[in-house]
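Read through the structure below, which is laid out as structure tokens, and then see the notes.
No value in this document is a laboratory result; all are computed from the given coordinates. Small disclaimer: the values here were computed from a predicted structure and weren't measured. No Cβ is skipped: glycine too gets one built from the backbone with ideal geometry, and neighbour counts run over all protein chains shown.
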Amino acid sequence: MLIEVSCDKFVENGKIRKPVKFEKGLNAVVGNESGTNSVGKSTFLMILDFVFGGDDYIKKSKEVFKATNVGPHTIKFKFEFDGQPYYFTRLADPANYNTVIRCNENYEPLVEGEMSISQYHKFLAEHYGLNESGQTWRGSVARAIRVDRRETIDTDKPLKSYKEEPDRDGIVALIKLFGQYAVIEEALKLKSTSEDEEKAFKEALKYEYIPNVKNDKELQKNVERIEVLEAEIEELADQSSKGLLELTSMQAEQISSIRSKIAGFRRQRSRLQAQLKGLEMSKAEGKKSFQKDYQELLAFFPDIDVNKLEQVEEFHHRITNILNGEIRENQKNLEAMISLATSRIKELEDEQLRISQLPNVAKATLEKYAELQKELQELLAANEAYKKKDELHDKTIKLAESLDKTIVSEMRYIETKLNSLMDEMNETLYDVKIKPPILHAENANKYEFATEDDGGTGMRYKGMILLDLALLRATSLPFVIHDSLLLPNIENEAIEKILELYTKQTDKQVFLAFDKTATPNARRILEKAQRLHLSRGGNELFGKAWNRKENGSEEPNEDTANSGAETAMEEQ
């Protein structure tokens, strides 16, 4: 539990305050009975929320952090669990507040004592025993920290942790606090998985990864087109002696493609063979000799220089040898290419044979068959996708309905428990029979909290107080924090009884700000429970008030001004 809180900026009549000590049961921050404002009661409760891992002190008490008021400061605090003390500090600075430092008893940082705020939350959850399925630290305690400027003071919706939080989140948080979340967790996982499947399928349809049918009219149109296609395919098969019916559209496409490739390789082979024949003819021509014609030339030209002719012949032989070498090389290349084409033709013919023993069907017929089969398969897939989409949607709806029924069933048990405790405590507040507040979940998405036939302000705040006390008794909730704004409209006799109920929480802690007139017995309770007294004239929390006019200027009211930005966080 929380043992103490201190800060060098907490001042009493010019001196640093001693640490504020806490005990089990009621711990009161008391102001004057006149209801004096702007002394720091609500601010101190905000600091307690900060100690318990919240951040509204930073975000909604901005006037504190003005350099002319307090500015950044360090909050020191001590917990004790199973007799073991734990010391921490946390910097209250809008620029840096998400780190908690583990310290020794003198609040000196330990080596490797720095913790992130999430690590600190886990530490508190573990040591306070809030480790049931689904439970988190702030998700468990934030709703029972009811301080001015926090969004947890809606008397009609007391399960809210922030202003815009849906009722369903508050209902589920309550189930978690009761340790019953495991009962609905499996149903929630099934619903989430189904939603993810449905979303992924719709995305695939949206981007046309799967053919899409938008409505029943398109579905029927597809059915009619499918009948036409099937008839055309049957007719085409009849014209081909039924051989096509043995083929799938993919096989038909493959065979058509193979035949096109075979034809292409055959044309290529014919061209290569023609080139080879031309080379062979050139090679044969090169073997002829002019020597046998020399005598005939001498008969007509007796003065011709035969030596010159022999030189020309020798040159011709050399050129021919070179050309013959090139021809032989080209011949080898052509023969290799012809062999490769022949081999590829044989492979394709074998592949075609493996695909189907189809008789010789014209290529145009195959292409038409493949085209019809492709359209048919696309339409069938589109219709199947449409039906699948409906099936997934129906599945999600059924799982959501099942989850909602489970949530409502768990809430019926919780309602019975809490309403019984609130009725029991309500009986002790008045001399006459007064109707108690009632919590009721109308469904998994909506709950009501009210006192039948009485919507008065005091009755609504009294109901919220009784709900928190019932939660202290029925769950692992370790503390509640109640600001003085919950009390003014409740009659004094009932407040006295509420204070008595606070003191009975002997295993838990109640932190209360109080500043109104009280009965004698209530004053005795408060005197015993008082941990901090605040008043004007130097006894404000920080030793001064900054809402006084100075030189014609007026500073904002500490407890009520500057509501700050409203934050809607998960588990605040």
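Label sites at Glu371 and His73, each approximated as a point 7 angstrom past Cα along Cα to Cβ, lie 8.6 nm apart.
Counting other C-beta atoms within 10 Å, which of Met411, Met1 has the fewest, and how do the rest follow? Walk me through the numbers before you get to the answer.
On the way: Met411 24, Met1 15.
Ordered from fewest to most neighbouring Cβ atoms within 10 Å, Met411, Met1 come out as Met1, Met411.
Taking a ≥ b ≥ c as the square roots of the eigenvalues of the Cα gyration tensor, segment 27-66 is oblate, since a/c reaches 1.5 or more and a/b is not larger than b/c. A simple packing score, the average count of other Cβ atoms within 10 Å per residue, orders the peptides 56-66, 524-534 as 56-66, 524-534, with the highest score first. Extent of segment 454-494 along its three principal axes (Cα atoms, max minus min coordinate, largest first): 30, 21, 16 Å.
Filter the GluC sites (Glu not before Pro) in segment 373-457 to those in DSSP coil with at most 16 other Cβ atoms within 10 Å of their Cβ, and list the result. All intermediate terms of the calculation are to be shown ahead of the outcome.
Details: sites: Glu375, Glu378, Glu384, Glu391, Glu401, Glu410, Glu415, Glu424, Glu427, Glu442, Glu448, Glu452; in loops: Glu427, Glu452.
For GluC sites (Glu not before Pro) across segment 373-457 that sit outside H, G, I, E and B with at most 16 neighbouring Cβ atoms in 10 Å, the list reads Glu427, Glu452.
Within segment 402-478, the trypsin sites (Lys or Arg not before Pro) that combine a DSSP coil assignment with at most 13 other C-beta atoms in a 10 angstrom radius are Lys433.
Could you sort out which of Lys76/Lys528; Lys62/Lys189; Lys516/Lys549; Lys15/Lys549; Lys122/Lys160 sit more than 30 Å apart by Cα distance in this structure? Pairs exceeding the cut-off: Lys62/Lys189.
Of the GluC sites (Glu not before Pro) found in segment 146-231, those in coil by DSSP whose Cβ has at most 11 other Cβ atoms within 10 Å are Glu164, Glu208.
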